[in-house]
Amino acid sequence: MLYLSAGLKSDRLLEELVNYFPYAYPLPKGDTPFGVHTELAVTPWNPHSRLLRIAIKASDLRVEALPAANLVFLVDVSGSMDRREGLPMVQSTLKLLVEQLRAQDRVSLVVYAGSSRVVLQPTSGSEKAKIRAAIDQLTAGGSTAGESGIQLAYQQAQQGFIEGGINRILLATDGDFNVGISDFDSLKQLAADKRKTGISLTTLGFGTDNYNEQLMEQLADAGDGNYAYIDTLREARKVLVDQLSSTLATVASDVKIQVEFNPAQVSEYRLLGYENRALKREDFSNDKVDAGEIGAGHTVTALYEVVPVGGKGWLEPLRYQAAVKGAKQDGELAWLRIRYKTPGQGVSQLLEQPIHAVDVTTLDHASEDLRFAAAVAAFAQQLKGATYTGGFSLADSAELARTAKGEDRFGLRSEFVQLVELAQSLHTSADRERRAD
């Protein structure tokens, strides 16, 4: 049971690496805001297990079709942002977004350091030169007082509130709030309270020193927004140009996934990643328990490694384990449940569908999307000790990804192959040094 989000940084969790890349998943049909697709294949690193991919694709919206947006840029201008990858990167990033604004959109600019202030009152997106000038005048220096800045940003968002539109704060910071945990809890509660008024919060992370990714994700989750880490202009373009609809427009909130495996078909299974996003079983049906949102055009991927009954798994057999009786639906590998809320609604809706055991295919016949996601998942595990990937090497991960690049419109999959090859070279060099010693 889990809720989901996406992004990329070198030390990110497995699921964030997998979800960083675009996938060609089927669009939804009918009134459902997202499509659900499952695929089952032999696991690349373990011929005795199966890799189950659960794929979600949200309905898409072109930027020009988005509702009018009331955006508040909240920028950390404290001393820790006074570096090339700090405030200068934030300024370049925000100016990319400015180019996407329409006349019906409004933008405010709030900054905080030792204190907070409004740099730009709500301004039409048609006044791009005025907005860019306000961004260009920002300078960094002083201590960090994140709470006062967020309070002021919410005031601005309320002042420019657009009924039926997108009302969102975009917080750009290195995550060094310089506040105690009790203060950060109050920030999360503020974000959670304000989302009930229709104002959401997106967090954009910059820099590396003092960077606290977990706090940034928690704040975005509390604010019913999303989170992205930006370290290059290419990444900024991906988040705020190529995926702008997904970043700003929510099609489903509090999305939860629950998978029940059939004990007549599955002896063991493990979810790849999502360690920090697990939900208690009883929370799946509890609409008061918050979960993640899905933006327009967003794709979400979850991977399970499954051991069929009779196959070799990871656990020693139990002497006194009760014999498993055949389930009523012997052909079902698992039962998939998804709960979600339509934005603005307090009651969730339930989707259910079976996953059939006979649908398994060989890796060669699996889709490019499954094979590429498997390569990324293998690489993420290899970086953390390769506990479950056995003799499947970095070279194997690179080759699997290379043969599954597909169209690769933005060149991200090719870049991943290069990353794995670089890691392989570094690993080989380290091995040679150890042998030389």
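Read-outs throughout are calculated quantities, based only on the coordinates presented, and are distinct from any laboratory measurement. Since the structure is predicted, the reported quantities are computational estimates derived from the model, not experimental observations. When we count neighbours, we look across all protein chains shown, and the Cβ atoms used for this are built from the backbone with ideal geometry, even at glycine.
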remark   = Percent antiparallel among DSSP beta bridges confined to the range 67-248, nearest 5, equals 20
ask   = Once fully extended, how much extra length lies between Gln214 and Asp82, figured as 0.36 nm per residue of separation less the alpha-carbon to alpha-carbon distance?
value = 45.3 nm
note = Net charge near Lys128 (other residues with Cβ under 14 Å of its Cβ; Lys, Arg +1; Asp, Glu -1) is +1
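Going down the list Lys194/Lys238; Lys130/Lys188; Lys29/Lys256, which pairs span over 30 Å between their C-alpha atoms? If you can, show how the numbers build up before the last one.
On the way: Lys194/Lys238 27 Å; Lys130/Lys188 32 Å; Lys29/Lys256 20 Å.
Beyond 30 Å between Cα atoms: Lys130/Lys188.
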request  = Kindly write out, for the range 403-420 in residue order, the coupling ³J(HN,Hα) from the Karplus curve 6.51 cos²θ - 1.76 cosθ + 1.60 (θ = phi - 60°), rounded to whole Hz, with x marking Gly and Pro.
outcome  = 7, 10, 5, x, 5, 6, 4, 9, x, 6, 6, 5, 5, 5, 4, 4, 5, 5
request  = Among the lysines, select those whose C-alpha is under 29 Å from the C-alpha of Lys312, and discard any that sit fewer than 8 residues away in the same chain.
outcome  = Lys280, Lys325, Lys328, Lys384
query = Among bridges DSSP assigns within the chain, what percent are antiparallel (round to 5)?
reply = 65
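Just to confirm a number: summing +1 for Lys and Arg and -1 for Asp and Glu over residues other than Val98 whose beta-carbon lies under 14 angstrom from that of Val98, what do you get? Let's see the in-between values first.
Working: positive: Lys95, Arg102, Arg106, Lys128, Lys130, Arg132, Arg237; negative: Glu99, Asp105, Glu127, Asp136.
After counting each charged neighbour, the total is +3.
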ask   = If one takes the longest principal axis of the Cα atoms in the chain, at what angle in degrees, from 0 to 90 and to the nearest 10, does the Cα axis of helix 181-195 lie?
value = 90
ask   = Measuring from the lowest to the highest alpha carbon on each principal axis, how far does the range 201-254 reach, largest first, in angstroms?
value = 34, 25, 11
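What is the calculated FRET efficiency for Thr387 to Phe161, with r their C-beta to C-beta distance and R₀ = 56 Å, to the nearest 0.05? Walk me through the numbers on the way to the answer.
Values: r = 50 Å, r/R0 = 0.89.
That pair, Thr387 with Phe161, gives E of 0.65.
Tell me, what are the semi-axes, in whole angstrom and largest first, of the equivalent ellipsoid of the range 67-248 as set by the roots of 5 times the Cα gyration tensor eigenvalues? Kindly include the intermediate steps, with their values, before the conclusion.
Working: eigenvalues 92, 71, 48 Å².
The answer is 21, 19, 15 Å, longest axis first.
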Sequence-distant residues sharing a close amide H with Val72 (under 5 Å, placed H) = Ser108, Arg168, Ile169, Leu170
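Which FRET efficiency value, to the nearest 0.05, do you get for Glu368 and Glu99 by plugging their Cβ-Cβ distance into 1/(1 + (r/R0)^6) with R0 = 45 Å? Numbers along the way, then the final one.
On the way: r = 32 Å, r/R0 = 0.72.
With a Förster radius of 45 Å, E is 0.90.
Fewest Cβ neighbours within 10 Å first, please rank Asp364, Asp287, Asp76 accordingly. Working shown, then result.
Working: Asp364 9, Asp287 14, Asp76 26.
By the 10 Å Cβ count, ascending, the order reads Asp364, Asp287, Asp76.
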Residue exposure sequence - His37, His298 - by fewest surrounding Cβ within 10 Å = His37, His298
Efficiency of FRET from Cβ geometry, Val63 and Gln121, R₀ 22 Å, rounded to 0.05 = 0.35
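Relative contact order, percent, of the chain when contacts are C-alpha pairs under 8 Å separated by at least 6 residues?
Numbers: 883 pairs, mean separation 88.8, N = 437.
Once normalised by length, the contact order is 20 percent.
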query = Looking only at Cα atoms, what is the convex hull volume of the range 361-427 per residue, in Å³?
reply = 79
remark   = For the pair Asp31 and Thr197, the simple spin-label estimate (label points 7 Å beyond Cα toward Cβ) gives in nm 3.2
query = What nm distance separates the two modelled labels at Leu318 and Leu351, each placed 7 Å from Cα along Cα→Cβ?
reply = 3.4
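Using a cut-off of 9 Å between beta-carbons, work out the net charge of the residues near Leu27 (Lys and Arg +1, Asp and Glu -1, Leu27 not included). Could you put the intermediate results ahead of the total?
Values: positive: Lys29, Lys57; negative: Asp60.
Cβ neighbours under 9 Å give a net charge of +1.
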